[in-house]
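The values are calculated or read from the model by the stated rules, or taken from the named source; none is laboratory data. Being a predicted model, the structure only gives us computed values, none of them experimental. Cβ placement follows ideal geometry from the backbone for every residue including glycine, while neighbour counts extend to all protein chains displayed. Note: accessible area is taken over every heavy atom of the protein model, side chains too, but ligands, DNA and RNA are not part of it. Shrake-Rupley method; radii C 1.70, N 1.55, O 1.52, S 1.80 Å.
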Amino acid sequence: MKKLFIQTYGCQMNLADSEEMASHLLGRGFALTQQLEEADLVLVNTCTVRDHAEHRALSFLGRLRQWKREKPGRHIIFAGCAAQRLGKKLQKTFPYLDLVSGAREIEQFSSLLDQSGLFTPAAEAGTPAPQGVTGYVTIMRGCDFACTYCIVPSVRGPVHCLPSQEILAQAATKARQGCPEIMLLGQTVNAWQEENKTFADLLNDVSALPGVERVRFVSPHPIFITPQFLQAVGNNTKIARHIHLPVQSGSSKVLQEMKRGYTREILLDKIEALHRCGFAISTDLIVGFPTETEEDFAQTLTLVEQAGFSAAYCFKYSPRQGTPAAQMPLLDEKILEQRLDILLNKVRGLAENAYGAHIGRKAEILMESPTKGRTSDNFWAQTKKSYTIGSVVQTEVTASDGTLLFTRD
Ligand code: SAH
Ligand code: SF4
Ligand code: F3S
């Protein structure tokens, strides 16, 4: 049997897309391998959100030149967001590439494979069995926002919401396959809507499926975190008490120039409301947006102090060709590095504090191994006794070392 090796870069949406593309290839007689050396086909699914991400994918592709030479009949598929951005140009620089399939073509991936003439068409796609306790379900694709630094709308296209029926069927299948946790995915996942259904309705519906113990979602946009949303999901404890809410900056001026659609004050109100409903909040922050002054940057630092984040992923601004911000003069690289350093120092203690704050509190742990699992608010916990993988354990936290919670049971 021919072997397929998959290398995925980027976000969870890309991981889900890799799974979908893999299903079409498994259906054409391939089996998955973790060893590049024994593979006949490599699928590289790429990211272009920052220059560094794209660079990593391209340098991996560079290394595949030798891999392909070593054995006749080997093939390479280059897919995802960098493939979308660079398009046909890629085949000029990398003539040994067999197929380029951009992120927007995911729904046509199967027919692209057929058109390529490289693969034998198969009767049916064989979906790979999910690994671990979490089943990923894409609920929307693309993005209708126009954040001035961001390339995603241009590579992923406008929003397209999948029908709730299809989403529920997929989630039910994953639950049957042994995933008590369902993670709903989309670039602005909470922009999902249907004629008679809101995103909150969808969350509640998924949580009510047989076998579903916990529902997560990523990445939400702060705009759609409204009192109505919190009211609709607030009492449903199957909806995990953790939200990854990218806020990007603490300065209202920079937020406006980024076209994020909210101010620092609005953001702090939303964060407070989320905390009141028991949500732990992690975030993304960008330093060195072209117009960011020392004062603006200081606002990001004080936001971190005020917001009580459980974690923050910090990025240096990376200009992306074709975005409005890429027209603006860049700040000095030294300033970006300094600011990133200061911010990283500020966020370093966040997780440790958040872990510490759990001591003496109740916890609901979904077991990912016999003695290890994650709490509803997304902290790792180690239990005293052994439990079945996938079961939910109600217990109390007695101690923490800053990276792990220890429980009574
Ligand atoms: N859809 C999500 C985030 C998508 S990209 C949202 O709307 O929040 C993931 C993260 O990459 C973003 O949250 C942002 O912090 C970062 N990012 C996006 N474009 C960037 C750029 N040009 N430079 C640096 N970081 C960027
Ligand atoms: Fe990019 Fe903004 Fe869309 Fe997120 S909401 S994907 S940051 S344009
Ligand atoms: Fe990257 Fe595309 Fe995701 S650019 S962050 S892989 S949507």
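Of note:
- Rounded to whole Hz, the Karplus (6.51, -1.76, 1.60) HN-Hα couplings of the range 266-276, x for glycine and proline: 4, 4, 5, 4, 5, 5, 4, 5, 5, 4, 4
- Sequentially through the range 194-201, phi angles give Karplus couplings (6.51, -1.76, 1.60; θ = phi - 60°) of 9, 2, 10, 9, 9, 4, 4, 4 Hz, Gly and Pro residues having no value and appearing as x.
- The chain - percent of accessible surface contributed by carbon and sulfur, probe 1.4 Å: 51 percent
- For the chain, the solvent-accessible area of protein heavy atoms averages 46 Å² per residue (probe radius 1.4 Å; ligands and nucleic acids excluded).
- Nonlocal amide H pairs with residue 363, under 5 Å, H built at 1.01 Å: 395, 396, 397
- Lys/Arg +1, Asp/Glu -1 at C-beta; the range 261-371 dipole; positive extreme among 359, 343, 370: 370
- For the range 1-112, the C-alpha radius of gyration sits at 0.97 times the compact-globule guess of 2.2 N^0.38 Å, with N the residue count.
- The range 276-359 shape via C-alpha gyration tensor axes, a/c threshold 1.5: prolate
- Fully extended contour minus Cα-Cα distance, from residue 291 to residue 237, at 0.36 nm per residue: 15.3 nm
- Nonlocal amide H pairs with residue 99, under 5 Å, H built at 1.01 Å: 76, 78
- Evaluating kT/(6 pi eta Rh) at 37 °C and 0.692 mPa s, with the Kirkwood radius of the range 228-383 over Cα pairs in the Stokes-Einstein relation, gives 192 µm² s⁻¹.
- The convex hull drawn around the Cα atoms of the chain, when projected onto a plane and averaged over every direction, covers 20.9 nm².
- Of the residues 45, 255, 287, the one whose Cα sits farthest towards the positive end of the charge dipole of the chain is 45 (charges of +1 on Lys and Arg Cβ, -1 on Asp and Glu Cβ, taken about the Cα centre).
- Cα→Cβ-extended label distance, 7 Å offset, between residue 120 and residue 166, nm: 3.0 nm
- Total charge dipole magnitude, the chain, about the Cα centre, Cβ charges on Lys, Arg, Asp, Glu only, Debye to nearest 20: 800 debye
- Sorting the segments 257-265, 318-326 by their residues' average number of neighbouring beta-carbon atoms within 10 angstrom, most packed first, yields 257-265, 318-326.
- Measuring from each cysteine beta-carbon in the chain, the ones with no other cysteine beta-carbon under 4.7 angstrom are 11, 47, 81, 143, 161, 179, 277, 314.
- Simple spin-label estimate for residue 306 and residue 384 in nanometres, 7 Å along Cα-Cβ: 4.3 nm
- Across 3/71; 316/346; 174/238; 89/259; 68/92; 259/316, pairs whose alpha-carbon gap is larger than 20 Å: 89/259
- Residues listed by number, the range 302-328, amide nitrogen under 15 Å from residue 259 label point at 7 Å toward C-beta: 320-328
- Rounded to 5, the percent of DSSP beta bridges in the chain classed as antiparallel: 30 percent
- For residue 242, the residues whose modelled amide H falls within less than 5 Å of its own, excluding neighbours fewer than 5 places apart on the same chain, are 280.
- Shape of the range 74-169, Cα gyration tensor, a/c cut at 1.5: oblate
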